[in-house]
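First the structure, in the form of structure tokens, and then the observations on it.
The values are calculated or read from the model by the stated rules, or taken from the named source; none is laboratory data. Remember, predicted model here, so these are calculated numbers, not experimental data. When we count neighbours, we look across all protein chains shown, and the Cβ atoms used for this are built from the backbone with ideal geometry, even at glycine.
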Amino acid sequence: MVPQKVIELVRSTADASYAVDPEGMIVAWNAAAAAAFGRDEADAVGRICGEVIGGFDECGPVCSVDCTVLRSAHQRRPLRNFDLQVPTPLGRRWFNISVLIYSEFGSPDIYTIHLARPIDTRKRLEILVRDFVRTDTTVDEPTGRSVNRASIANAALSDREIDVLRLLAQGLTTSEIARQLGISRTTVNNHVQHAMSKLNAHSRLEAIRKAEFGGLI
């Protein structure tokens, strides 16, 4: 049974808000969420969150059965807020999502309470400005030298190295990547090191940024 506190928290805010149970099912949905997403409570509650929200980030679809939010909640790992583009009656709109993790004392069940704030105008302006100033070169952070996008795209990363970088970019840990790909943590680290070497990157973050810039992930 859904804790009454979860329902009260969702209904207590003027922001669009909804709660998800440990299985990924929406169990609470407030009036602001109905207005923002164009779905009333009866159409949302009892359905899988990813099917209802259907969110995208700048790289493509995000919501899936392998939900990062749900996985982090089960690990009791706090989440940073993130931007998500969600289908609405007015088309896809950007929202900034904050997630609270809730569980009652003595209960193993964990609920995630989502707060969604509209940021469509700001986000579209941010993307427009970034795309306007983007050129075919970026800067190698440690050296300050320009790096050509084509040279990154031709870095000859293996498919597995690209898979690992893509999962790193999604925020997965080495252990989580190992489990998802069915390989050892040592193998994951080896793939990361090889990718860093090929991209001339001095950190995992720099490797991810270069791979994104070169269109590899």
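Only one of the listed residues (99, 164) is farther than 16 Å from residue 212 by Cβ, at pLDDT 85 or above, surrounded by 11 or more Cβ atoms within 10 Å (Cβ to Cβ) and under 21 Å from the mean Cα position of the chain (by Cα). That residue is 99. The numbered conditions (1) surrounded by fewer than 18 Cβ atoms within 10 Å (Cβ to Cβ); (2) of a type in the set (Gly, Ala, Ser); (3) free of Cβ contacts under 8 Å to residues at least 40 places away in the same chain are all true for residue 44 except (1). Evaluated against (1) more than 17 Å from residue 95 (Cα to Cα); (2) assigned to a loop (DSSP other than H, G, I, E, B), residue 13 falls short on exactly one condition, (1). The residue that is farthest from residue 80 (Cα to Cα), among those in the stretch 109-121 that are out of contact with any helix residue (DSSP H, G or I) (no Cβ under 6 Å at 6 or more places or on another chain) and touching a residue at least 12 places away in the same chain (Cβ under 8 Å), is 109.
Does the stretch 64-84 contain any residue that is in contact (Cβ under 8 Å) with a residue 40 or more places away in the chain, touching a Phe, Trp or Tyr at 6+ places or on another chain (Cβ under 8 Å) and part of a strand (DSSP E or B)? Looking through the stretch 64-84, at least one residue is in contact (Cβ under 8 Å) with a residue 40 or more places away in the chain, touching a Phe, Trp or Tyr at 6+ places or on another chain (Cβ under 8 Å) and part of a strand (DSSP E or B).
Here are some residues: 8, 23. Which one is exposed (fewer than 13 other Cβ atoms within 10 Å of the Cβ), assigned to a helix (DSSP H, G or I) and without any contact (Cβ under 8 Å) to a residue 24 or more places away in the chain? Matching residue, one of 8, 23: 8.
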